[in-house]
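One structure below.
Nothing in this text is a laboratory measurement; each read-out follows from the coordinates by a stated rule. Fair warning: this is a prediction, and the values are worked out from it, not measured in the lab. Neighbour counts run over all protein chains shown; Cβ positions are idealised from the backbone, glycine included.
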Amino acid sequence: MTPPTSSHALQRNDVLRRLFGEHHSWLLDRLRLRLRCRDDAADIAAETFAQVVAMPDPAAIREPRALLSTIGKRLLYARWRRADIERAYLQAIAEQGEATAPSPQEHWLVMEALMEVDRLLDGLSSKARAAFLYSQLDGLTYATIAAELGVSVTRVHQYVVQGLKACYQVDP
Amino acid sequence: MSDLPPAVTEAIEWYAQRTSGHFDESAQRALEAWLAADVSHRQAWVALQQRLARTLGPLAERQGTTQALRASHGRRHLLRGALGLGALAVGTQLLTVPGAPLHARWGADLRTASAQRKTFRLEDGSSLLLNAESSADIDVHATARRVSLLRGALMATVQQDLARPFVLACPWGESRLYGGACVLSMQARQPQLWALDGPLELQAPLQRTTLQAGQGVAFDGQLWQPIAPRHIDQRSWVRGLLEVHDQSLASVIEHLRPYHRGILQVAPEVAELRISGVFSLDDSRAALHALRDMLPLRITHYLGYWTRIEHA
C-alpha cells in the first residue's frame with residue numbers, strides 16, 4: 001500500500017471529524033437507552049468509532065447512522081457474549097480450585113483465545129460444540145463423549161469434523 | 001461455510017480419526033501412506049496443525065476453558081444489569097482473591113509501568129485501576145480511607161461504607177465519596193475528575209462542589225471547571241481506548257506517551273493540528289498509524305526506541 005498523500009489525509013480527517021461531530025451523541029443516546037449504563041454506552045460508542053476510523057474509505061459511507069448502529073449492535077452482542085464466557089470461565093476455575101489465580105495478562109490472553117474459538121465455532125450446534133471441545137481441549141475419547149452426550153460414536157466423529165472445519169476457515 | 005480443498009477435508013478426516021481414542025498401528029501406517037501419496041496432503045496436514053495450534057493451543061491444558069466455551073448463548077438478557085463496571089469488579093475480585101491480600105501493603109506505593117494497566121484490590125473491598133505509568137499511596141484504616149494519586153490516572157470503585165468516606169486526593173483538591181466509582185487523572189498536565197457511578201463531593205482550596213454521576217471537571221490552574229465538549233475523555237483509558245474530541249496532536253501524543261515504549265517527539269509544525277477520533281492505547285504503533293492516516297504526518301522510528309512525528 002502506498003502512503004496516502006497529504007490532501008487525502010486531510011480530507012479523511014475532515015470526513016471523520018464530521019462523522020464524529022454529527023453522529024457521536026446520537027449513537028451514545030441510542031446505546032444509553034438500551035444499556036442504562038453511561039460508561040458501557042460510552043465505551044461501545046468509542047469502539048464503534050474506532051472501527052470506523054480503521055475503515056479504508058470513510059468518505060464512501062452513505063448511511064452513517066445505519067452503519068454505526070450495525071457496528072454498535074455487533075459490539076454490544078460481542079460484549080455480552082464475552083461477559084458470559086468470562087463468567088463461566090472464572091466460575092469453572094474457582095470451582096476447580098486452581099492453586100494460583102492467573103495474572104491479569106494471562107487472563108487477558110486466555111479470554112482473547114476463548115473469544116477467537118467462540119467466534120470460529122459460532123455456527124455449530126451446542127452438541128457439536130460440546131463434542132469438539134471435549135475432544136480437542138479435554139482429550140476425551142469419542143466413546144466417553146458419546147456416553148456423556150447420549151449420541152453415537154459416529155456422530156461424535158462427525159461433530160469433531162465439523163469443529164475442525166470451522167477452525168480451518170479463513171478469517172472472513 | 002465455504003468448501004475446503006479436498007486435501008484439507010481429508011486431512012481433517014484423518015485428524016478426527018487420530019484423536020478418537022482408537023487409532024492403532026495399522027491406522028498410523030495408513031495415515032503415513034496418505035501423507036506420502038501427494039505433496040498437497042502433507043501441506044494440508046501441516047496447515048491444519050498450525051491453525052489448530054494457533055487457535056486451540058493457548059487453551060490446551062488449561063482448566064475451565066471447555067466450560068467457558070459451553071456458556072449458553074441464551075442468557076444475554078440477564079447480563080443487562082451486570083455489564084461494565086459491575087462485571088469488571090467481579091472479574092478482578094475473583095482474580096485477586098487467591099493472591100496476597102493488599103492489607104499487607106498499606107502505605108506502600110502502588111505503581112504501574114509503561115503500557116500496563118493494573119487493578120489493586122483494597123482490604124475494604126474497594127478496587128483501584130491504575131493507568132499506565134501511574135502511582136498512588138493508600139492509607140486505609142479503621143476510621144478513614146484515603147488514596148493519594150501521585151502520578152498518572154486511576155479509577156476507584158469504592159465499596160460502600162457510610163462510616164468511612166473514601167477520599168481520593170491529588171495536589172489540587174480531593175474528592176470524597178461513600179460508594180460508587182470515579183476517575184481522577186493528572187495526565188498531560190490537566191487534572192480531571194469524573195464521577196462515574198453515584199455522586200461525589202469535590203473539595204479544593206477555593207471551592208466545594210458536588211458532581212453527579214457522569215459529570216466531570218477539569219482544573220484550569222485555579223478552579224475546577226465543568227468539562228467543555230472539546231476535551232480528551234479521561235475515562236476511556238479504563239477500556240484501553242483514547243477518545244478525543246477536536247484536540248491538538250500534541251495533546252493526543254501526550255496521552256499516548258505512557259503506552260509507548262521509547263521516546264515520542266512531535267515537531268512543532270504539526271503539534272497544533274486538530275484531530276477527533278478514537279485510538280487504541282494498547283497498540284501505540286497502530287494508534288500512530290491511524291494518526292498518520294488522518295493527518296499529513298511522517299513518522300520515523302530511529303534505533304528502535306526513538307520516534308519522530310513530522311510534517312509529511
Taking chain A, the equivalent ellipsoid from its C-alpha gyration tensor has semi-axes in Å, biggest first, of 40, 20, 16
Using a Förster distance of 41 angstrom, determine the FRET efficiency expected from the C-beta separation of A:R34 and B:F23, and round it to 0.05. 0.25
With Cα atoms, 0 to 90° folded angle of helix A:126-136 axis to chain A main axis: 70 degrees
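Please work out how much length the chain gains when fully extended from B:A144 to B:E269, using 0.36 nm per residue of separation minus the C-alpha to C-alpha distance, in nm with one decimal. Don't jump to the answer; show the numbers that get you there.
Values: separation 125, 0.36 × 125 = 45.00 nm, distance 4.95 nm.
Extending this stretch completely gives an extra 40.1 nm.
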Ranking of B:E123, B:E32 by count of other Cβ atoms within 10 Å, fewest first: B:E32, B:E123
Length-normalised contact order of region A:1-101 in % [C-alpha pairs under 8 Å, at least 6 apart]: 27 percent
D for the protein assembly as shown, whole µm²/s, Stokes-Einstein with Kirkwood Rh over alpha-carbon pairs at 25 °C and 0.890 mPa s: what number? 97 µm²/s
Along the charge dipole of chain A, pointing to its positive end and built from +1/-1 on Cβ of Lys, Arg, Asp and Glu, which listed residue (A:H8, A:T144, A:Q158) has its Cα farthest out? A:H8
